[in-house]
Amino acid sequence: MATVEECRIALEQLSAKLGGADGDLGRAARLDRSLSCRITDLDTTFTGRLHDAALHDITTEPARDKAQIRLETSSDDLVALVNGNLNFASAWARGRVKLEASFKDLLTLRKLV
């Protein structure tokens, strides 16, 4: 099981990867949305904002409102996803990752996987 700090680092690495994205991937990463990532085995939720192809203000402080994009996974799966050791589509199909967002955002986010 990964630690809270390892999950925070993984989210920062994800932010860096989004910032370097080009083409369709870059356009998808440039959404301006609130984001939450619930780590099920640590009973921790990270919140932040996806803006200008990066994750900003990543914190474990409770959010006032429901995030527009909500991700739920285990700590190990988050780290594996970011490191490229776990394919998002197959993890989602097997129920290891849950993603909730508006239909429009889901269509845009599919370019990220």
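Residue count for region 72-85, restricted to those that are at pLDDT below 95, buried (at least 19 other Cβ atoms within 10 Å of the Cβ) and not β-branched (V, I, T): 1.
Scanning region 50-69 for residues that are under 10 Å from the mean Cα position of the chain (by Cα) and farther than 18 Å from V4 by Cα, which turns out modelled with the lowest pLDDT? Outline the logic, then answer.
Applying the first criterion (under 10 Å from the mean Cα position of the chain (by Cα)) to region 50-69 yields 50, 55, 69.
Now narrow it down to the ones that are farther than 18 Å from V4 by Cα: 50, 69.
Numbers: L50: 87, I69: 92.
The extreme case among them is L50.
Within region 19-41, count every residue that is in contact with a helix residue (DSSP H, G or I) (Cβ under 9 Å, 6 or more places away or on another chain) and at pLDDT 95 or above. Matching residues across region 19-41 total 4.
The values are calculated or read from the model by the stated rules, or taken from the named source; none is laboratory data. Please read these numbers as outputs of a predicted model, since none were measured by experiment. Cβ sites come from the backbone with ideal geometry, for glycine too, and all protein chains shown count toward neighbours.
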